[in-house]
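Visitor: Questions regarding the structure given below will be posed in turn.
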Amino acid sequence: MKPALTRRDFLAGAAAAVLGASLGFGQDKGVVKKSRVVLARRSDVLDENSQIRQDILQEMLDEAAAKLVDETDGVGAFRKLVRPGETVGIKTNVWSFLPTPPELESAIKRRVVDAGVAPDRIGLDDHTVRTNPLFVHATSLIDVRPLRTHYLAGMSGCIKNYIMFAESQPALHPDSCAALGSLFNLPQVKGKTRLCVLCVLTPQFHGRGPHHFDRRYVWPYKGLIVGRDPVAVDSIGLRLLMAKRRLVLGKEQEVPPVPKHIRLADTRYGIGTSDINAIEFIKLGWDGDILI
Amino acid sequence: MLRAKVWLLAAAGLTLFIFSPGGPVTDFGQTIPKTIGDWTASGPDRTFNRQTIYSYMDGGAEVYLAFDLRQIWSRKYAGPGGRELTLDIFDMSSPEEAFGALSCDREDPPAGVGQESTYGGGLLRFWQGRYFVSVTSSSGDESDGRAALDLGREVVKHLGPAGAKPEMVGFLPEASLRPARTSYFHGAVNLNNRFFVSGDNILHLDRSTDCVFAEYDAEAGEAEDLLLVRYPDAGKAAAARQSFLAGYLPEAGAEGLAQAENKKWVLAALHGNYLAVVFEAASPDGARKLVAAVKFPEK
């Protein structure tokens, strides 16, 4: 069992190692089958008023999904992820300050329909997924939300997005939300997640105030992080937050306190991989200020 | 006879509580203006308690639940161009707790609203009496920020008299203290968001502990940090020190002193049911002097 991350790990420059990430990030050791994660970015996905350009976002999603499953286009990719006759639940996030963009929800839904799933068998929900019939009967789930920091869990990503499947959300809060990985082993969820989309169009790297939101800490990164493994996707998301925080807030605030749930989702709950060396990380598109 | 007097006193206290300024949060729906300049109250006022807070705050609930939060009263104001202000008034049960809520989150400069305040990026926070208040603008731009400040100044008028800071703040050595950086809290979640120490709760902090975290001017613009924790009894303080040394400072000897990787010194010292921890000290003597200057209460 690894010791808890402490302030001294930052002083020693060893924080990443304690979190499960290594200095060999991005190197292909080529021995074990890796979790593939794709980062797709486009400099023109936001217009001059910071509004999302739907057509560009659709292209980004298609490129990322195609690369993820070795297909040539988005429709082909989604045909590998979901099948006709299925019931698909798209677990979104409606947090008022930084929700999943409707443009991204509709881009995903469009490709699920293109893959042959009937529109009336596609659910889109956040707070009522436990009782929504389309989620109760879902055979596949798609996990989509923006990346941001969180007072308690350190980071809100694809793992934490499933907290609405829990009977009691506060029960997941102790010890920096250490048990969030258990959500993926719930009967309503287990084995059903086909795609994770961590929206990093405008991620939030720090928070202030009661709602942990302050627009000063949101930046236009203009990307999507896409994978099938929520732990691998969140591990890349955490690296991005750490890189931005190190740049703006300094080395001592590099890690948002305390994202222990990501490593534990791997080591305690076995739902994915947090070891950066076991992640095949592919970058597509614009590389300005890419940070990772 | 005695029982009748007790009832009379209780009734008088309840009357004062309900009808004096700073009474129950539901009164704010009547007393706080629904129009401030170009901004008008929109939607129903809402009230949340310790159980329902999770439906309102994603991520911040535990930060306030770690204090003696009683209720939140919330109202939205709609402004030009579809923009929005969110007013949240937290009844923290006591002035000490209200000060604590503000003190853990004041990286921005003061704004001159309420007893103490902090403002930046369209986000205003202040405390007054037993209330902690925040006004959040959806856009974060300067004009909305001015409206947030106007709203805050109006709200202060309805919160009742000022209150006192926690007595532990008075225990801090005053020389070189940065008063605006002093924080008061109880739990590990507040400490870690203020000054990250460990991913585990190695100091055994919970709602039974009272903590003050303070910064002191050091050489070259750097800061030395003092964490003062009051435990329910001396045994718990000693156990927490032992846990801290094992988890954070294993190389420390009996004195509880060791040098960290950045060449700065850390000292953990017991005083009855208090634990004082100095971080980032330039020298062992500097750490010892800071602890020696703490004005621990007489037994």
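Read-outs: derived from the displayed coordinates by stated rules, not from any lab. What you see is a predicted model; the values in this text were computed from it and never measured. With ideal geometry, Cβ positions are generated from the backbone for all residues, glycine too; neighbour counts draw on all protein chains shown.
Visitor: For all pairs of alpha-carbon atoms in the range B:19-78, what percent lies in each bin of width 10 Å, listed from the first bin to the last filled one?
Guide: P(r) over the range B:19-78, rounded to whole percents: 20, 43, 33, 4.
Visitor: Please list, short to long, the whole-number percent of alpha-carbon pairs of the range A:68-195 in consecutive 10 angstrom bins beginning at zero.
Guide: Pair shares across the bins are 13, 43, 34, 10, 1.
Visitor: Positive end of the charge dipole of the range B:62-155 (Lys, Arg +1 and Asp, Glu -1 on Cβ, about the Cα centre): tell me which of B:Pro109, B:Pro80, B:Tyr131 has its Cα farthest that way.
Guide: B:Pro80
Visitor: Grab the DSSP H runs of the protein assembly as shown that are 4 residues or longer, score each as -39,500 (n - 2.57), total them, divide by all residues and round the 222 nm result to the nearest 500 deg cm²/dmol.
Guide: Calculated from helices alone, the mean residue ellipticity at 222 nm is -8000 deg cm²/dmol.
Visitor: Compare the Cα positions of A:Ile52, A:Thr149, A:Phe10 along the charge dipole of chain A (+1 at Cβ of Lys, Arg; -1 at Cβ of Asp, Glu; about the Cα centre) and return the one farthest towards the positive end.
Guide: The listed residue farthest towards the positive side: A:Phe10.
Visitor: Compute the Cα gyration tensor for the protein assembly as shown, then decide on rounded, prolate or oblate, letting a ≥ b ≥ c be the square roots of its eigenvalues: rounded whenever a/c is under 1.5, prolate when a/b is larger than b/c in the other cases, and oblate in all that remain.
Guide: Judged from the Cα gyration tensor, the protein assembly as shown comes out oblate (a/c at least 1.5, b/c at or above a/b).
Visitor: Let me ask something additional. Which three numbers, in whole Å and largest first, are the semi-axes of the equivalent ellipsoid of the range A:229-292 derived from its Cα gyration tensor as √(5λ)?
Guide: Semi-axis lengths for the range A:229-292 are 22, 17, 7 Å.
Visitor: Where both partners of a DSSP beta bridge lie in chain A, what percent of those bridges are antiparallel, to the nearest 5?
Guide: Roughly 40 percent of the beta bridges in chain A run antiparallel, per DSSP.
Visitor: Moving on. For B:His186, what is the net charge nearby, where nearby means another residue's Cβ is under 14 Å from its Cβ and Lys, Arg count +1, Asp, Glu -1?
Guide: That sum, taken over residues with Cβ under 14 Å, equals -2.
Visitor: Something else about it: Counting other Cβ atoms within 10 Å, which trypsin sites (Lys or Arg not before Pro) in the range B:238-287 have at most 15 and lie in a DSSP loop?
Guide: B:Lys263
Visitor: Where does the Debye-calculated log10 I(q)/I(0) of the range B:167-292 sit at q = 0.11, 0.16, 0.17, 0.18 Å⁻¹, using only Cα point scatterers of equal weight, no solvent?
Guide: Listed by q, the Debye log ratios stand at -0.32, -0.72, -0.83, -0.94.
Visitor: Test of understanding: express the Cα radius of gyration of chain B as a ratio to 2.2 N^0.38 Å, with N the residue count.
Guide: 1.12
Visitor: List every residue whose amide H lies under 5 Å from the amide H of A:Gly154, counting only residues 5 or more places away in sequence or on a different chain, with H placed 1.01 Å from N in the peptide plane.
Guide: Here the answer is A:Val258, since their amide H atoms fall under 5 Å of that of A:Gly154.
Visitor: While we're here: Go through chain A and flag any cysteine with no other cysteine's C-beta closer than 4.7 Å, please.
Guide: A:Cys177, A:Cys199
Visitor: Oh, and also: Using a 7 Å offset from the Cα along the Cα-to-Cβ direction at both A:Asp70 and B:Ala223, what is the distance between the two label points in nm, to one decimal?
Guide: It is 5.3 nm.
Visitor: Pull up the DSSP beta bridges for the range A:133-292 and report the antiparallel fraction as a percent, rounded to 5.
Guide: About 55 percent, rounded to the nearest 5.
Visitor: Ok, one more. Classify chain A as rounded, prolate or oblate, taking a ≥ b ≥ c as the square roots of the eigenvalues of its Cα gyration tensor: rounded when a/c is under 1.5, otherwise prolate if a/b is larger than b/c and oblate if not.
Guide: Since a/c stays below 1.5, the shape of chain A is classed as rounded.
Visitor: Taking the alpha-carbon distance from B:Lys263 and a cut-off under 12 Å, which aspartates and glutamates remain once sequence neighbours fewer than 8 residues away in the same chain are dropped?
Guide: Straight-distance partners of B:Lys263: B:Glu280.
Visitor: Leaving out same-chain residues fewer than 8 places away, which aspartates and glutamates sit with a Cα under 18 Å from that of A:Lys222?
Guide: Within the straight-line cut-off, A:Lys222 pairs with A:Asp44, A:Asp47, A:Glu48, A:Asp55, A:Glu59, A:Asp62, A:Glu63, A:Glu103, A:Glu105, A:Asp234, A:Asp287, A:Asp289.
Visitor: Dipole size in debye (nearest 20) for the protein assembly as shown around its Cα centre, Lys and Arg Cβ +1, Asp and Glu Cβ -1?
Guide: Using Cβ point charges on Lys, Arg, Asp and Glu, the protein assembly as shown gives about 1120 debye.
Visitor: Place a point 7 Å from the Cα of A:Arg216 along the Cα-to-Cβ direction; which residues of the range B:104-132 have their backbone N under 16 Å from it?
Guide: Those under the cut-off are B:104-112, B:117-126.
Visitor: Could I ask something else about it? Looking at the protein assembly as shown only, what percent of DSSP beta bridges run antiparallel? Nearest 5 please.
Guide: The antiparallel proportion sits near 80 percent.
Visitor: Next question, about the same structure. Which whole-number percent gives the relative contact order of chain B, counting Cα pairs below 8 Å spaced six or more residues apart?
Guide: About 12 percent, as a whole number.
Visitor: Taking the Cα centre of chain A as origin and charging only Cβ (+1 Lys, Arg; -1 Asp, Glu), how large is the dipole, in debye to the nearest 20?
Guide: That gives a dipole near 760 debye.
Visitor: Does the range A:165-248 come out rounded, prolate or oblate, given a ≥ b ≥ c as the square roots of the eigenvalues of its C-alpha gyration tensor, rounded meaning a/c under 1.5 and, failing that, prolate meaning a/b above b/c?
Guide: oblate
Visitor: Within a Cβ distance under 10 Å of B:Asn49, other residues only, what is the Lys/Arg minus Asp/Glu net charge?
Guide: Around B:Asn49, the surrounding residues sum to +1.
Visitor: About the Cα centre, and with charges only on the beta carbon of Lys, Arg (+1) and Asp, Glu (-1), how big is the dipole of the range B:70-111? Nearest 20 debye, please.
Guide: For this selection, approximately 280 debye.
Visitor: Which one, A:Ala232, A:Ala166, A:Tyr269, is farthest towards the positive end of the dipole of the range A:166-286 when Lys and Arg carry +1 and Asp and Glu -1 on their Cβ?
Guide: So the residue we want is A:Ala232.
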